[in-house]
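To start, the structure itself, in structure tokens.
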Amino acid sequence: MNLFKALPFFFVVFLTFVSCEEDKGTDIDIIEYNDIIITLDKGTYKPEESAHLTIHNNTDKDLVLLNCGTSPGFDLQKRIVGKWNNVYLLECPAIGLPFEILAGDKKEFDIALPPLTLKPSEVEGEYRLLLWLKDKQSDQFLEQSERATDSFRMTN
């Protein structure tokens, strides 16, 4: 008789077990990140101050960074009314061998930020460096989002 009393309990447990779906884990949002990580050593600079630039090439393609003499080539951009505008373009031909940044490689450079011809009251603001960074195989500049540093502040 005890078996007949326990039968409904086992039947419910059996149905629960059979009706459960296979656990497929938790949904995870995949956040894309830049495979080329470009960093500066500080978040605030003054014009003509030294900066330490690091480029991590976490892609499977080789890159080249065009140069201005012995320094990496870049344009200085300022965010004005929500858009990036060139405020300093290096007047230098990319002569000599460019810097190679091979797939999986990391390169570091010490650079001098350029002087600004802006009025002192116009210097304050948000800036970024737009590097002269190309895909070695295609010889095409990378998209701006892939070759720009994070923004930094510039003060007098």
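The values are calculated or read from the model by the stated rules, or taken from the named source; none is laboratory data. Treat the numbers as computed from the prediction; the structure is a model and nothing was measured. Using ideal geometry, Cβ is built from the backbone for each residue, glycine included, and neighbour counts are taken over all protein chains shown. Heavy atoms of the whole protein, side chains included, go into the accessibility calculation; ligands, DNA and RNA do not. Shrake-Rupley method; radii C 1.70, N 1.55, O 1.52, S 1.80 Å.
Descriptive notes on the structure:
- Identity of the residue in region 103-122, without any contact (Cβ under 8 Å) to a residue 60 or more places away in the chain and part of a loop (DSSP other than H, G, I, E, B), that ends up nearest to Trp84 (Cα to Cα): Leu118
- Residue tally, condition open to solvent by 70 Å² or more (accessible area, probe 1.4 Å) and either closer than 12 Å to Leu131 by Cα or at pLDDT below 95 (or both), over region 31-45: 3
- The set of residues in region 79-102 being more than 18 Å from Arg147 (Cα to Cα), touching a residue at least 24 places away in the same chain (Cβ under 8 Å) and under 23 Å from the mean Cα position of the chain (by Cα) consists of Ile80 alone.
- Scanning region 46-60 for residues that are open to solvent by less than 50 Å² (accessible area, probe 1.4 Å) and without any contact (Cβ under 8 Å) to a residue 60 or more places away in the chain yields Thr54, Asn57, Thr59.
- Selection count, region 123-151, where residues are over 14 Å from Asp75 (Cβ atoms), part of a helix (DSSP H, G or I) and open to solvent by 60 Å² or more (accessible area, probe 1.4 Å): 1
- Residue check for Phe152: in contact with a Pro (Cβ under 9 Å, 6 or more places away or on another chain) and at pLDDT 95 or above: no
- Verdict on Leu76 being over 18 Å from the mean Cα position of the chain (by Cα), among the aliphatic types (A, V, I, L, M) and surrounded by 13 or more Cβ atoms within 10 Å (Cβ to Cβ): no
- Among the candidates Pro93, Pro120, Pro115, residue that is closer than 18 Å to Cys68 by Cα, loosely packed, with under 11 Cβ neighbours inside 10 Å and out of contact with any strand residue (DSSP E or B) (no Cβ under 6 Å at 6 or more places or on another chain): Pro115
- Residue list for region 78-91, restricted to those being in contact with a Ser or Thr (Cβ under 9 Å, 6 or more places away or on another chain) and closer than 15 Å to Glu124 by Cβ: Arg79, Val87
- For region 38-63, the set of residues classified as touching a Phe, Trp or Tyr at 6+ places or on another chain (Cβ under 7 Å) and outside any loop (DSSP other than H, G, I, E, B) consists of Leu40, Thr44, Tyr45, Ala51, Leu53, listed by residue number.
- For Leu63, the conditions (1) open to solvent by 40 Å² or more (accessible area, probe 1.4 Å); (2) touching a residue at least 60 places away in the same chain (Cβ under 8 Å); (3) more than 25 Å from Met154 (Cβ to Cβ) are fulfilled apart from (1).
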